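Below you'll find the structure, written out as structure tokens, and then a few comments.
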Amino acid sequence: MTQQQALYKYCLRLGDNALVQSYRLSEWCSNGPILEEDLALTNFALDMTGRAQALLTYAGKIDGNNKTDDDLAYRRGEREFYNILMHELPYGDFANTIARLFYSATFEYLFFSGLMNSTDETLAAIAAKSIKEVKYHMAHATDWVLRLGDGTEESHRRMQNGISENWMFTGEMFEMDEVETLLAGVSVVVSEIKAKWLSQVSKVMAEATLTLPTDTYMQTGGRNGIHTEYLGHILSEMQYLQRAYPTATW
Amino acid sequence: MEKTDTVLEEMLKNFEEKINRGDAIEPKDKMPDGYRKHLIRQMSQHAHSEVIGMQPEGNWITRAPSLRAKQILLAKIQDEGGHGLYLYSAAETLGISRSELINQLHTGKAKYSNIFNYPTLNWADIGAIGWLVDGAAIVNQVSLQRTSYGPYSRAMVRICKEESFHQRQGYEIMAKMMAGTKEQQEMAQDAMNRWWWPSLMMFGPHDGDSPHTGDAFKWKIKRHSNDELRHKFIDKTVQQAEVIGLTIPDKDLKWNEAKGHYDHGAINWDEFYRTINGNGPCNRQRLAHHIKVHNEGAWVREAAEAYRAKKEKAIFNN
Ligand SMILES: [Fe+2]
Ligand SMILES: [Fe+2]
């Protein structure tokens, strides 16, 4: 793997995380428990689509095959997507979505804080823009974890379920391989932010009267293109027009 | 009894003087019951329309054909939801709560715009909604910027700015598709054919057949008649369609030199009344969805309330 190939894959992984996460959040349109939440969750989806666009545009430039952001979003198959598995799972109930957003936004806050110092100027600039958005996503998710965790019996049960069910998908956020190693200085050393993430998550859990899962088995695969069964359905819906009318521009 | 009558008469006189001077009526002002009721009906219908309209447009979010298109659509739908929130708050100044308003929607007492009882069947429908439906809404809302109730008129000023963006973005989708492949052109014309007549119906019955018009004019809630506004919309839209090569599905559409506007063919009022009365293509689907989501979200709202109460109690106990 060359440095260039590593950077290409690094951008795809980050771009796909944003793209697939935004897909699931956007499904909350007209489905939220209150209108304000429809708006908040689809607004986060909007932030993430913008981030995906920036990252995929950059990936296309690195690759050197004149691929646009849309080529990369709408013309790649399942095995060429590199998002982590957690983002592609069906959105479940509101607590499930919040649990996932809480895990990932807390991670992304630490991640983009690190990426702001990347030696790659484009990535540093994308990180600087993202951090403002992610800060808000994290605050919003944290707020709901507290309210649902310490709300009613039912909300507590549902919030605990969301926290527990998504737990085994959090390990993938901290994985590192050849890609990161080759990109020393460019990439974020995620293994180093794990402790901070865990301490923040534990703190909120405790305040929300929730229990941090203790199982250690973690799912893996998305970052290398081995996905759950759900991703194929996301792509067949998302890519439908581009695939059905390949010569059209939209 | 006599004394009350005098007080009432005095109040009505003050109110009408204010209206005639062109002053805005504000929430704390005394107003006749009929005025309040008319506004609650109209503003809540408006708010519900913004919210129910999120359904047909939301139908294409996951299938938006480019990242740019997806962002524009997401932003647009958020604007509409924002309009809903804004209008609910404005309606609340009349002494009714948002949950009561939603309850009225669910029981069928309150309506939403008939246009959203039609389905979005291809991507060009998203263009057609922005261009035609928002385009028709703007004509109506521009006129409402000068409506007599202050909070409503201020809401309209704010909302109109965003609606004109939506209209341009919708038109851009149509223009792009008309400049595209044969299939895209067919989708665009198909959308035009299905959305044109329902868009004309958005202005309501012809002036002679409009049941609520009298008071609304006297109280300056409404300032232009249905037909006046409908013509305004047609006149600005016909040329826009021609520029990009779309055909308006009305063989009787003709420029009327003497009147200075386009004459249009007969509107199918049977379809209009059938749809308003519950038998349009998507009436049941739209309402059932809103009710289902609202009920499913009850536990979240209860939790938020329970949490708030706990925190409040903790403050007072410390
Ligand atoms: Fe609107
Ligand atoms: Fe609009």
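The values are calculated or read from the model by the stated rules, or taken from the named source; none is laboratory data. All values reported here derive from a predicted model rather than from experimental measurement. Note: ideal-geometry Cβ built from the backbone for every residue, glycine included; neighbour counts use all protein chains shown. The accessibility values were calculated without ligands, DNA or RNA, using every heavy atom of the protein model including side chains. Shrake-Rupley method; radii C 1.70, N 1.55, O 1.52, S 1.80 Å.
The rows are residues; the columns are (1) among the basic types (K, R); (2) open to solvent by 30 Å² or more (accessible area, probe 1.4 Å); (3) in a loop (DSSP other than H, G, I, E, B); (4) within 16 Å of ligand 1 (Cβ to nearest atom).
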{"site": "B:T6", "(1), (2), (3), (4)": "no, yes, no, no"}
{"site": "B:Q45", "(1), (2), (3), (4)": "no, yes, no, yes"}
{"site": "B:Q71", "(1), (2), (3), (4)": "no, yes, no, no"}
{"site": "B:I77", "(1), (2), (3), (4)": "no, no, no, yes"}
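Considering B:E92, B:E57, the condition of being within 14 Å of another protein chain (Cβ to nearest Cβ) and within 16 Å of ligand 2 (Cβ to nearest atom) is satisfied by B:E57 alone. Could you check the range A:148-178 and list, in sequence order, the residues that are open to solvent by 60 Å² or more (accessible area, probe 1.4 Å) and closer than 30 Å to A:Q4 by Cβ? A:M176, A:E178 - these are the residues of the range A:148-178 that are open to solvent by 60 Å² or more (accessible area, probe 1.4 Å) and closer than 30 Å to A:Q4 by Cβ. Scanning the range A:13-40 for residues that are buried (at least 24 other Cβ atoms within 10 Å of the Cβ), of a type in the set (A, V, I, L, M) and facing another protein chain (nearest Cβ under 10 Å) returns A:L19, A:L25. A residue that is open to solvent by 20 Å² or more (accessible area, probe 1.4 Å) and either of a type in the set (V, I, T) or within 16 Å of ligand 2 (Cβ to nearest atom) (or both) occurs somewhere in the range B:22-41. If you go through the range A:60-97 and pick out every residue that is farther than 25 Å from B:H294 by Cα, among the charged types (D, E, K, R) and part of a loop (DSSP other than H, G, I, E, B), you end up with 3. Of the helices (runs of 4 or more DSSP H) lying entirely inside the range A:107-223, those carrying at least 1 residues that are within 14 Å of chain B (Cβ to nearest Cβ) are A:121-149, A:153-167, A:194-207. Residues in the range B:60-84 that are facing chain A (nearest Cβ under 9 Å) and away from ligand 2 (no atom under 14 Å from the Cβ): B:I61, B:T62, B:R63, B:A64, B:P65, B:S66, B:L67, B:R68, B:A69, B:K70, B:Q71.
Quick one: which of B:N226, B:N268 is surrounded by fewer than 16 Cβ atoms within 10 Å (Cβ to Cβ) and either touching a residue at least 24 places away in the same chain (Cβ under 8 Å) or more than 14 Å from every other protein chain (Cβ to nearest Cβ) (or both)? Going through B:N226, B:N268 in turn, the sole match is B:N268. Looking only at the range B:119-147, residues that are in a loop (DSSP other than H, G, I, E, B) and either within 13 Å of ligand 1 (Cβ to nearest atom) or crowded, with 23+ Cβ neighbours inside 10 Å (or both) come to 1 in all. Look at (1) within 16 Å of ligand 1 (Cβ to nearest atom); (2) within 14 Å of another protein chain (Cβ to nearest Cβ); (3) open to solvent by 70 Å² or more (accessible area, probe 1.4 Å) and you find that B:Q169 fails only one, number (3).
How many residues are open to solvent by less than 20 Å² (accessible area, probe 1.4 Å) and more than 18 Å from the chain's Cα centre (by Cα) if we restrict to the range B:51-68? Final tally of qualifying residues: 7.
Of all the numbered requirements in (1) modelled with pLDDT of 95 or more; (2) within 12 Å of ligand 1 (Cβ to nearest atom); (3) more than 11 Å from the chain's Cα centre (by Cα), B:S164 misses one, and that requirement is (1). Any residue in the range B:198-206 that is within 16 Å of ligand 2 (Cβ to nearest atom), in a loop (DSSP other than H, G, I, E, B) and more than 14 Å from every other protein chain (Cβ to nearest Cβ)? Yes, some residue in the range B:198-206 is within 16 Å of ligand 2 (Cβ to nearest atom), in a loop (DSSP other than H, G, I, E, B) and more than 14 Å from every other protein chain (Cβ to nearest Cβ).
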